[in-house]
Amino acid sequence: MTGNNMGTESILLVDDNPTNLQVLYQTLESTGCKLLVAKDGETALAIAAKASPDLILLDIMMPGIDGFEVCRRLKDDPAQAGIPVIFLSALTDTKDKVRGLQLGAVDYVSKPFQPDEVIARVNTHLTIHRLKREVESKKDELENELEVVSDVQRRLLPKNLPEIAGLKLAVHYETSLYAGGDYYDIAKLPDNQWGFLVADAEGHSAPAAVMMAMTCALFRSYPEPPAEPGDLVYFLNQHLCKVADPSFVTALYVVYDANHHTLKIARAGHPPPMIYRSSDKKAIEYTCDGVFPLGIDPYEQVPVTEAELQPDDRILLYTDGVTERFNKDGKTYGEERLLRQLEANPGSQPQEQLAAIMKDVDNFANGRLADDDQALLLGIVE
Amino acid sequence: MEIDQKEENGIVFIAFKGRLDGTSAPEAEETINTIFKGESNRLLFDFEFLEYLSSAGLRVILGAAKEMKRRDGKFVLCALNSYVKEVFEVSGFGAIIPIADSVESGIKEIS
């Protein structure tokens with residue numbers, strides 16, 4: 001980065017006529033900027049590439065490559081496309097002015113020029129250019145910080161999926177833009193029981209990431225193995241209520257007994273699980289009573305719903321970033337499509353099945369980027 | 001997203017038209033915060049023309065509900081379409097924020 005400051009900004013003056021160049025030089029000396037000169041287009045491009053000036057005043061009619069061509073080449077080069085160009089020309093036809101501006105110049109001054117006018121315009125464009133650079137650098141800083149947050153967040157997720165006797169697992173997790181609010185976790189419980197948590201902190205970026213990290217910390221600090229879904233959800237809420245206002249976290253916690261193929265489900269504002277029954281080849285949203293999301297108000301009690309699975313049944317826990325994924329027409333992917341995908345490919349492995357689901361979601365979105373995080377956890381009973 | 005507001009017989013009416021999501025939530029929040037500078041303690045959201053509600057929209061509604069609770073006021077959401085109603089029910093918000101089928105019944109509920 002060149003990091004030019006006010007007072008040390010540089011301006012490149014380009015004119016093939018030495019007298020014009022001298023007048024221009026004298027006019028702009030008072031700005032306090034460093035002045036560079038070029039008498040033809042080739043030299044101008046060479047100096048621009050080397051010195052990265054903050055502004056270029058460019059004559060149009062010159063021997064060799066003319067000003068229009070110089071401007072075109074500057075704008076074609078990503079390293080120099082950001083340098084503002086002001087045309088300074090005796091061509092006063094409107095179509096020349098329009099052509100110059102269409103090529104990406106920021107201004108057009110007719111010759112003979114008024115020195116005060118040139119100074120005023122130069123100062124204006126230097127200020128705009130400086131502010132633009134500052135905004136870009138702040139944006140870079142913010143994006144870097146979000147990337148750091150995003151990295152930390154990914155490290156909070158389980159590194160590997162556990163090997164479970166009787167249940168094959170796969171997971172898909174993607175954030176929409178850097179840090180996100182989605183979270184999943186798995187707890188090993190006694191007697192081949194397993195706890196699966198999927199949560200979604202409202203919003204995106206840093207605030208959602210903080211809520212997600214809080215949820216993770218609370219889940220992992222639960223004083224005993226979290227085998228009772230209602231108690232765990234009650235506990236998470238009790239603590240998140242102290243910090244979440246006015247945000248909230250939706251959560252679904254499922255305890256699976258892999259020896260008996262039974263489920264216990266607690267739901268706080270989160271979409272219910274989807275279950276595919278291999279016996280009737282049909283997937284449904286498994287209706288379960290719930291409470292409102294975590295972090296709003298204390299619960300009186302948290303209902304728990306039970307279910308039983310059979311070999312080859314599938315269970316899908318997901319966040320609404322999947323079903324609320326938009327396509328270019330503003331339509332959402334929806335629960336129905338997800339249910340149909342969950343029924344497809346009998347006999348497939350969970351990884352293949354999830355890949356097929358995400359492929360279908362991406363096909364549906366048809367190039368429209370996700371504006372929410374997407375997390376899916378799929379289990380297939382052996 | 002269009003937001004209309006009026007005050008009649010001590011009730012502040014806010015009508016939402018379009019989508020209440022991450023993009024429009026800040027504008028909705030600003031409108032509501034302006035209203036909260038006053039002393040109104042009866043608030044009615046008219047959702048007849050609300051097409052879509054996301055979790056960011058739920059947060060806006062939750063913020064309004066909490067503020068009305070703080071000032072011991074009354075708050076109701078009216079005329080939700082079936083999609084918005086489903087979002088409300090699945091998310092469990094129906095248990096903490098009252099819903100009325102129509103604006104007329106909403107007015108009765110908070111009068």
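Brief remarks follow.
- Of the residues in segment A:241-248, at least one is of a type outside the set (F, W, Y), over 23 Å from B:V90 (Cβ atoms) and at pLDDT below 95.
- Scanning segment A:320-338 for residues that are surrounded by 19 or more Cβ atoms within 10 Å (Cβ to Cβ) and out of contact with any Ser or Thr (no Cβ under 8 Å at 6 or more places or on another chain) yields one hit, A:V322.
- A:L146 of a type in the set (A, V, I, L, M, F, W, C), farther than 30 Å from A:L28 by Cα, touching a residue at least 40 places away in the same chain (Cβ under 8 Å) and buried (at least 16 other Cβ atoms within 10 Å of the Cβ): yes
- Residue match in segment A:292-300 (condition: within 26 Å of A:R154 (Cβ to Cβ), modelled with pLDDT under 95, surrounded by fewer than 14 Cβ atoms within 10 Å (Cβ to Cβ) and out of contact with any Ser or Thr (no Cβ under 6 Å at 6 or more places or on another chain)): no
Table: residues versus (1) closer than 18 Å to A:V118 by Cβ; (2) modelled with pLDDT of 95 or more.
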{"residue": "A:I11", "(1), (2)": "yes, yes"}
{"residue": "A:V14", "(1), (2)": "yes, yes"}
{"residue": "A:L35", "(1), (2)": "yes, yes"}
{"residue": "A:A38", "(1), (2)": "yes, yes"}
{"residue": "A:L58", "(1), (2)": "yes, yes"}
{"residue": "A:L74", "(1), (2)": "no, yes"}
{"residue": "A:P78", "(1), (2)": "no, no"}
{"residue": "A:P84", "(1), (2)": "yes, yes"}
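Yes/no matrix, rows are residues, columns are (1) surrounded by fewer than 17 Cβ atoms within 10 Å (Cβ to Cβ); (2) closer than 18 Å to A:L21 by Cα:
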residue	(1), (2)
A:K50	yes, no
A:M62	no, yes
A:V70	no, yes
A:D77	yes, no
A:L88	no, yes
A:D93	yes, no
A:V98	yes, no
A:A105	no, no
A:I128	yes, no
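- Annotation: of all residues in segment A:212-230 being in contact (Cβ under 8 Å) with a residue 60 or more places away in the chain and more than 26 Å from the chain's Cα centre (by Cα), the one that is farthest from the other protein chains (Cβ to nearest Cβ) is A:E228.
- Count of segment A:322-373 residues which are basic (K, R), more than 17 Å from the chain's Cα centre (by Cα) and within 19 Å of A:V171 (Cβ to Cβ): 1
- Test for A:D116: is it assigned by TED's automatic domain parsing to the domain that holds A:R73, under 36 Å from the mean Cα position of the chain (by Cα) and of a type outside the set (A, V, I, L, M, F, W, C): no
- Breaking point among (1) out of contact with any strand residue (DSSP E or B) (no Cβ under 6 Å at 6 or more places or on another chain); (2) surrounded by 14 or more Cβ atoms within 10 Å (Cβ to Cβ); (3) assigned to a helix (DSSP H, G or I), for A:L342: (1)
- Top-ranked residue in segment B:99-111 [being without any contact (Cβ under 8 Å) to a residue 40 or more places away in the chain and part of a helix (DSSP H, G or I); ranked as nearest to the other protein chains (Cβ to nearest Cβ)]: B:E109
The values are calculated or read from the model by the stated rules, or taken from the named source; none is laboratory data. On a predicted model such as this, the values are computed, not experimentally measured, just so you know. Methodologically, a virtual Cβ is constructed for each residue, glycine included, from the backbone with ideal geometry; neighbour enumeration extends over all protein chains shown.
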